[in-house]
Amino acid sequence: MSSFNERVYELVRRIPRGKVLTYGRVAALLGVPRGARAVGWALHGAPPDVPWQRVINAKGCISTRCPEHPPQLQRALLMAEGVRFTAEDSLRLADFHATLWRLSEEDLAALP
């Protein structure tokens, strides 16, 4: 059985370029509906191959505060993938739903 952190990393690695999920959605998909904060902690220590920048808060905002993953870096990485933001580091409301990753049945079946 994989650890929770490993399951988070496996799921986040599947988020396509230019798409995002919320911390809460990652947790819910892994069967931990109130585990958004645990997802954040897992991503804080993520290996380099995990695209941590693709996970945002439920309001569509960047909420990272750690020195290893500063908000400016998350914004720059996402913008390089085509994600657009307001001046307040949130996804533009019109883009938020279009940017969320909608998992297919196949994606759901392959979850850790």
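Taken together, the values in this text are just the output of simple stated rules run on the coordinates, not laboratory data. Keep in mind that what you see is a predicted model, and the values were worked out from it rather than measured. Cβ coordinates were reconstructed from backbone atoms using ideal geometry, including for glycine residues, and neighbour counts include every protein chain displayed.
Data table
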| quantity | calculated |
| --- | --- |
| Matching residues, segment 65-98, being at negative phi, touching a residue at least 24 places away in the same chain (Cβ under 8 Å) and of a type outside the set (D, E, K, R) | 69, 77, 78, 83, 90, 91, 93, 96 |
| Residue tally, condition out of contact with any Gly (no Cβ under 9 Å at 6 or more places or on another chain) and either within 20 Å of residue 71 (Cα to Cα) or part of a strand (DSSP E or B) (or both), over segment 26-41 | 4 |
| Segment 35-76 - residue that is in contact with a strand residue (DSSP E or B) (Cβ under 8 Å, 6 or more places away or on another chain), among the charged types (D, E, K, R) and more than 16 Å from residue 9 (Cβ to Cβ) and, of those, surrounded by the most Cβ atoms within 10 Å (Cβ to Cβ) | 75 |
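Yes or no, residue by residue, for (1) in contact with a helix residue (DSSP H, G or I) (Cβ under 7 Å, 6 or more places away or on another chain); (2) more than 19 Å from residue 2 (Cα to Cα):
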residue: 16; (1), (2): no, yes
residue: 43; (1), (2): yes, no
residue: 62; (1), (2): yes, yes
residue: 69; (1), (2): yes, yes
residue: 72; (1), (2): no, yes
residue: 78; (1), (2): yes, yes
residue: 90; (1), (2): no, yes
residue: 99; (1), (2): no, yes
residue: 110; (1), (2): no, no
